[in-house]
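Here the structure comes first, spelled out in structure tokens, and everything after it is commentary.
The values are calculated or read from the model by the stated rules, or taken from the named source; none is laboratory data. Predicted model, so just to flag it, every value in this text is computed and none were measured. Cβ: placed from backbone, ideal geometry, glycine included. Neighbour counts: every protein chain shown. Side chains included, ligands, DNA and RNA excluded: accessible areas come from the protein's heavy atoms. Shrake-Rupley method; radii C 1.70, N 1.55, O 1.52, S 1.80 Å.
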Amino acid sequence: MVSFEEARHLVEQHAVGVCPGDVETVDLLAGLGRVLAESILADRDFPPFDRATRDGYAVRAADLAAVPARREVVGEVKAGDWPDPARCSVGRGQAVGIMTGAPLPRGADAVVMVEHTSLSAAGNFVEVRRSVSAGENFVPRGAEARAGQRLLDRGRRLDHAGIAIAASVGKSRVQVFRKPRVAVLSTGDEVVEIDATPGPAQIRNSNSYSLAAQVQNAGGEAVRLGIAPDERGRLRALIEEGLECDLLLLTGGVSMGKYDLVEQVLGELKAEFYFTGAEIQPGRPVVFGSSGDGAVGEGTRAGAPALHKKYFFGLPGNPVSTMVTFELFARPMIEALAGMTPRRLAFLRARLKTGIRTKTGLKRFLPAVLSGEFENAEVELARWQGSGDIAALAQANCYVVIPPERAQIETGEWVPLLMR
Ligand code: AMP
Ligand code: MG
């Protein structure tokens, strides 16, 4: 049994360098949520010219030390215009009308906002009521990035901001890593497929579906292997099939019960275990290990691709435990397999709405509801019946994180949160 932090660090250490490195090229929008296999560089200076950030008049700042001042309007630059220096430049005593997004004409070193000016009836003079400093109200060419500068690193998962960058440098197609294939195997004699009518002691297999959704969300492709009974032979065959994917996730069968066979069968397959149990709740029985170490070992199907180490997680079968342990441990491994640059797990904080009493000894991740508004977020535990209660979890939108040494947390205290 290891602490939560030790368990998390073990996964992070093993996740280094696991990405197989296969790449594909996709249309930019199809790249949303994918991980860049190439860095995205600025194809020119950003901005490519001194860009006005206000509507107003391009002026010489030094020329406006004393205001109000009357200036001759010698031209106008709209966004999209390229001011010809022969016909449109700002000399002493002059101003050029300019719009947001337009290039600053030669001679100007500031923009005075239109709000601080009045144009003469004939439109050939402007009265400026405010002085400006040089550099005001425009962004100099190259201030955001120089041509050739790296704007997005390889290993970055594309979100809308990343898409904006790729678009702005003209990448209509991007190179991304292949999604890792993640096998999902549920175990348990009581578990039946979701379109079956369950017998009186049976339950539908919700875990394979919640896990598949989480896998997809983490950047992987889920391969659902169905349900393994609590019987060695069939369980072993399905585990072997799962180990052909990039990662295997099992649920159920990792507790102390007589029919909890997952660890035993993995042991028969010469698996190496990095932890079997973590001091957390829910999810204490969680298992992390690997099988195969580069040598072709027992238990691989003939003709299977050259073996390298395959990692697996044995997640507890209780649906809430399954979901929590996925987020805490499986997600960073999937992200690494997907080529993502590792990131540390950091909790947010919010004020506790209602005090909590609990037992010490385990780090707890309790389903909770974050509510309130604007700067006044507050969080409260969801009422739940334990780790099987998916109805409560569905009402929750985060987990409150309770350190193992705390038995009592008061109303109003700032508590760490893991968003869901
Ligand atoms: P286990 O970890 O096998 O001891 O299972 C713990 C609890 O989770 C039991 O109540 C199981 O019935 C339930 N459970 C196990 N597998 C699943 C599954 N695939 N979907 C929903 N519930 C499950
Ligand atoms: Mg079971």
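The residue pairs whose first member lies in region 189-200 and is over 23 Å from Gly257 (Cα atoms) and without any contact (Cβ under 8 Å) to a residue 40 or more places away in the chain, whose second member is open to solvent by 40 Å² or more (accessible area, probe 1.4 Å) and within 15 Å of ligand 2 (Cβ to nearest atom), and whose beta carbons are closer than 6 Å, counting only pairs six or more residues apart or on different chains, are Ile194/Arg204. Only one of the listed residues (Leu261, Leu248) is within 15 Å of ligand 2 (Cβ to nearest atom) and touching a residue at least 24 places away in the same chain (Cβ under 8 Å). That residue is Leu261.
Screening the candidates Leu238, Leu269, Leu250, Leu243 for the property of being over 15 Å from Leu315 (Cα atoms) and crowded, with 24+ Cβ neighbours inside 10 Å yields one hit, Leu243. The residues of region 202-224 that are over 17 Å from Met419 (Cα atoms) and either aromatic (Phe, Trp, Tyr) or more than 16 Å from ligand 2 (Cβ to nearest atom) (or both), listed by number, are Tyr209, Ala212, Gln216, Gly219, Gly220, Glu221, Ala222, Val223, Arg224.
For region 192-207, the tally of residues that are within 12 Å of ligand 1 (Cβ to nearest atom) and open to solvent by less than 80 Å² (accessible area, probe 1.4 Å) stands at 8.
The rows are residues; the columns are (1) out of contact with any Ser or Thr (no Cβ under 6 Å at 6 or more places or on another chain); (2) open to solvent by 40 Å² or more (accessible area, probe 1.4 Å); (3) under 30 Å from Asn205 (Cβ atoms).
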site	(1), (2), (3)
Gly388	yes, yes, yes
Ala396	yes, no, yes
Tyr399	yes, no, yes
Arg406	yes, yes, no
Glu410	yes, yes, no
Val415	yes, no, no
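Does Arg70 fit the bill of being surrounded by fewer than 14 Cβ atoms within 10 Å (Cβ to Cβ), in a strand (DSSP E or B) and not acidic (Asp, Glu)? Against the criterion (surrounded by fewer than 14 Cβ atoms within 10 Å (Cβ to Cβ), in a strand (DSSP E or B) and not acidic (Asp, Glu)), Arg70 qualifies. All of (1) open to solvent by less than 60 Å² (accessible area, probe 1.4 Å); (2) free of Cβ contacts under 8 Å to residues at least 12 places away in the same chain; (3) among the charged types (D, E, K, R) hold for Glu373 with one exception: (1). Look through Arg87, Arg130 and report the one residue that is over 30 Å from Val169 (Cβ atoms), of a type outside the set (S, T, N, Q), assigned to a loop (DSSP other than H, G, I, E, B) and at pLDDT below 95. Testing whether each residue is over 30 Å from Val169 (Cβ atoms), of a type outside the set (S, T, N, Q), assigned to a loop (DSSP other than H, G, I, E, B) and at pLDDT below 95 leaves just Arg87.
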